[in-house]
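Quick note: the coordinates plus some simple rules give every number you see, no bench work behind them. No experiment lies behind these values; they were computed from the predicted model shown. FYI the Cβ positions are ideal-geometry reconstructions off the backbone, even for glycines, and counts take in every protein chain you see.
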Amino acid sequence: MTRQSPKVAAAILHIALPVPVRRHFDYLTPHRQSEATLQVGMRVRVPFGRQKQCIGMIIGQSNTSLVSSDKLKPIAAVLDQQPLFDLEHLKLLRWASDYYHYPLGELIFSTLPGLLKQGKPAIRSTYTVWKLTARAHDEKNSLSARAFKQQRLVKLLAEAHSGLSEQQLNLVIDDWRAPLKTLITKGWVERNESTTEIPASGNSQTIQLNPEQHHAVEVIRNNPGMNNRFLLDGITGSGKTEVYLEAIRETLKQGNQAVILVPEIGLTPQLIARFQQRIHARMVVLHSGLSDGERLDAWIEARDGIANIILGTRSAIWTPLHKPGLFIIDEEHDASYKQQESFRYSARDIAILRANNAGVPVVLGSATPSLETLHSVNIERMQRIPLLQRAEKATIPEFRIVDMRGQKLTGALSEKLINGISKVLGENKQVLLYLNRRGYSPVLMCHSCGWIGKCNRCDIAYTVHKLDHTFICHHCGTGQKLPGHCPDCNDSNLVNIGYGTERLTEVLRDIFPTARILRIDRDSTRRKGTMEKYLDSIHAGEVDILVGTQMLSKGHHFPGITLVGIIDADQGLYSSDFRAAERMAQAIIQVSGRAGRANDAGTVMIQTHFPEHPLLTALVNHDYNTFARMLLEERKSTNLPPYSCLALLRAEAFEQKLPMVFLNQARALLSDNNSGIEVFGPFPAPVEKRSGKYRYQLLVQSNNRLILQKVLLDWSRKLDDLKEGKKIRWSLDVDPQEML
Ligand code: ADP
Ligand code: ZN
Ligand code: ZN
């Protein structure tokens, strides 16, 4: 750690506890404890509530307390010999607590690894990892093709230079124990203890950067000081990852650490392998599949500077660092960077802040930058580095709008798209059809009486999952067996309305009976290793038509695909969510970017009932930047983000009236403190009922972030005191991304 925490010399300790209260708690230093050994950032155990003990953290000290001294209790135990992190990190957490109006104690503990939350010591554990031996590397080509499971295991181990642990294996492969045993017997695999040595992995092979990439790396390197926030703006395949790798290399050379954030579905084994192969460094990968021990180890290694590269999804941004040198956010437009429950932070914004605090560069990369980021470029708060030249396989397909109005449809497919698919299949190329709705159909209706199958906890229609014979609510996840007849009138004539990926696949089977069709969505890839298997077969040319959801939009490249069909572009054009159009365009471009090769960029056909919609025509006739400029104009004229700042107060309860009572009181609290802000609502949430709870919200808007922050600070404290607030669940979302 870079800075030492001050020794505690006072009698009263300020303790942050993981409880939903916006203040710290005072405790006395214990009699036997030498005060000198207590430091800010150490965990302690304290009596809290009725005989209960609670784990907290020392965040400050003083000689006096507002609580009378006879009521103060001493802390029960000190759990750390060293602070868990330095004051700089605590300052970051305090800032986040203030900005997001989320209680500091809860926030601190929500960002810690599970074992530290439980009070376990902050030391690295050891666990077993398996590695390929030199012998395996020599002999692996001799493995029989029929030893399929051994083949797969060898391939995975060969990609992981520092070996794979039990947890990592569980994540990517089923039934690995038997083949592993065989490989150990053969002398192909050996076991290691993970922390007995810390191997730096990778052979740091390099690639010759093209002039634009080279320039990008130079700009990032030569901009120390204030203006070192960059948008790396280049289409999929334009070589952004190569720029990251080179910039990271520079950072490592200076002895600093690099943090790379990727979207939730972007952290693929392929990406991890690519980093490991290309950079000779100690890298920790933070993902949801880690065991508690692995997570703690990674956290400590990042904090102590043992790890040079920290690669992870959203929550990795809270890892304390020894010497931060570079922050990278790949696919910065991705919605998964915003946490949507409890502590609602934006990892992208926190990364920018951390880079700023440390005076080091931050690079946001995307083919479809968010409007917030483009706005930052426009007002020169960020520097845009375009990658216009195509790296190896990069391509721009041709966009075509397919007017669906009055057209004869064969199950969601227009004649034009069907002809397009036929043509491509005739050429032995591949087709990708994008439909972001899994299941068979989103609505099931009784033809005789009009009954619709609804989730009564959420008041929305159940989605039909024909293959599983289930009827599932996509909002709360509950479900039941698919009914065979109408529960109201007993008629068995139930009709499906609308299309999901399952039904689209069925339609395609009818039209193209000999085509090999593969569906990729959360349902079809639930089993571990399935996704990898599917990707292999796509690349091997064993698939003709690929049907998929958003899952396909990141991290993959399918050079054999020359036609992309967007089944339904209309959802994004007329929506109550002001971000819908931006998201729609990003999805279309991201999906399109999966396809094509240098000499055959291919075609994207977009089915719509609004072929003249200016946003859609801007997207297909010009480019994403033109589209984004138009959308920014629209946001400006309607005074929506990034031209204003929002905060959303959400309230929900099983009893329908209570949230409204609370929100009306909340609104009244703002009436004498409302200069510079506007308040909208309360109004029902777009999903008004979910899991049995009624949901309403109040929107606060301001053109000035500081004014909004000041109002929220005062307001959140008053909200805590509202009696009505105790009867319901409520939360404050600063910079909300989803209005749901
Ligand atoms: P992006 O991250 O923008 O999608 P990548 O960095 O993944 O792009 O590059 C796409 C492909 O092009 C990769 O296979 C990569 O190895 C290759 N590539 C990138 N830059 C170069 C280069 N300068 N020379 C040769 N190949 C390159
Ligand atoms: Zn009926
Ligand atoms: Zn439901």
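What is the list of residues in the range 399-420 whose amide nitrogen lies under 17 Å from a point 7 angstrom out from the Cα of Arg509, following Cα to Cβ? Once the point is set 7 Å along Cα→Cβ of Arg509, 411-412 turn out to lie under 17 Å by backbone N, inside the range 399-420. The listed peptides 378-390, 409-421, 556-568, ordered by packing as a protection proxy, come out as 556-568, 409-421, 378-390 (highest mean of other Cβ atoms within 10 Å first).
Partnerless cysteines in the chain, where a partner means another cysteine C-beta under 4.7 angstrom, comprise Cys54, Cys476, Cys645. Place a point 7 Å from Cα of Glu139 in the direction of its Cβ. Which residues in the range 147-186 have their backbone N less than 19 Å from it? It comes to 147-159, 178-186, nothing else.
With r defined as the distance between the Cβ atoms of Ser675 and Val67 and R0 fixed at 35 Å, what FRET efficiency is calculated, to the nearest 0.05? Working shown, then result.
Numbers: r = 36 Å, r/R0 = 1.02.
After rounding to 0.05, the efficiency reads 0.45.
The modelled label-to-label distance for the pair Asp468/Glu190, using points 7 Å beyond Cα in the direction of Cβ, is 4.5 nm. In the chain, Cα pairs under 8 Å separated by at least six residues give a relative contact order of 11 percent.
Where the only charges are on Cβ atoms (+1 Lys, Arg; -1 Asp, Glu), what is the dipole of the range 546-657 about its Cα centre, to the nearest 20 debye?
Values: 10 positive and 11 negative charges, 67 e Å.
For this selection, approximately 320 debye.
Each label was represented as a point 7 Å from its Cα along the Cα-to-Cβ direction; for Asp721 and Lys52 these points are 2.5 nm apart.
With bins 20 Å wide beginning at 0, the percent of Cα pairs of the chain falling in each bin runs 14, 45, 35, 6, 0. Think of the chain as having a plus end and a minus end, set by charges on the Cβ of Lys, Arg, Asp and Glu; of Asn356, Ala367, His101, His101 sits farthest toward the positive end of this dipole. Multiplying the residue separation of Asn664 and Gln480 by 0.36 nm and subtracting their alpha-carbon distance yields 62.5 nm.
Using the Cα centre as the reference, give the magnitude of the dipole from point charges on the C-beta atoms of the range 645-734 (Lys, Arg: +1; Asp, Glu: -1; all else neutral), rounded to the nearest 20 debye. Please list the in-between numbers first.
Numbers: 15 positive and 10 negative charges, 60 e Å.
So the magnitude is around 280 debye.
For a modelled paramagnetic label at Glu398, 7 Å from Cα along Cα-to-Cβ, the residues of the range 551-575 in reach, with backbone nitrogen under 15 Å, are 562-564. Stokes-Einstein diffusion for the range 12-117 at 4 °C, viscosity 1.567 mPa s, with a Kirkwood radius from C-alpha pairs, works out to 93 µm²/s.
Note down the magnitude of the dipole of the chain about its Cα centre, charges +1 on Lys and Arg C-beta and -1 on Asp and Glu C-beta and zero elsewhere, to the nearest 20 debye.
Values: 91 positive and 76 negative charges, 338 e Å.
Computed charge dipole of the chain: roughly 1620 debye.
In this structure the amide hydrogen of Arg384, modeled in the peptide plane, comes within under 5 Å of the amide hydrogens of Leu231, none closer than 5 places in sequence on its chain.
Annotation for Val19 and Glu218: the two label points, set 7 Å from Cα along the Cα-Cβ direction, are 6.0 nm apart. Relative to the current alpha-carbon distance between Asp536 and Ala11, full extension at 0.36 nm per residue lengthens the span by 182.6 nm. Taking 0.36 nm per residue of separation and subtracting the current Cα-Cα distance, fully stretching the chain between Ile207 and Glu380 would add 59.1 nm. Taken one residue at a time, the phi angles of the range 92-99 give Karplus couplings (6.51, -1.76, 1.60, θ = phi - 60°) of 4, 5, 4, 4, 4, 4, 5, 5 Hz. Gly and Pro are set to x. Taking the Cβ of Pro179 as the centre, find all other residues whose Cβ is under 10 Å away and add up their charges (Lys, Arg: +1; Asp, Glu: -1). Within the 10 Å Cβ shell, the charges total +3. Of the residues Phe683, Pro397, Gln61, the one whose Cα sits farthest toward the positive end of the charge dipole of the chain, with +1 on the Cβ of Lys and Arg and -1 on the Cβ of Asp and Glu, is Gln61. Could you tell me the center-to-center distance, by alpha carbons, between the range 570-634 and the range 304-325 in angstrom? Value for the Cα centre distance between the two parts: 35 Å.
Treating r as the C-beta distance of Ser288 and Glu688 and R0 as 41 Å, the FRET efficiency rounds to 0.85. In terms of packing, defined here as the mean over residues of other Cβ atoms within 10 angstrom, the peptides 511-518, 210-217 line up highest first as 210-217, 511-518.
First measure r as the distance between the Cβ atoms of Lys181 and Lys117, then evaluate 1/(1 + (r/R0)^6) with R0 = 22 Å and state the FRET efficiency to the nearest 0.05. Please list the in-between numbers first.
On the way: r = 36 Å, r/R0 = 1.62.
Working from the Cβ atoms, E equals 0.05.
Pairwise Cα separations in the range 102-165 fall into 5 Å bins from 0 onward with the following percentages, short to long: 3, 14, 17, 13, 9, 8, 9, 9, 9, 6, 3, 1.
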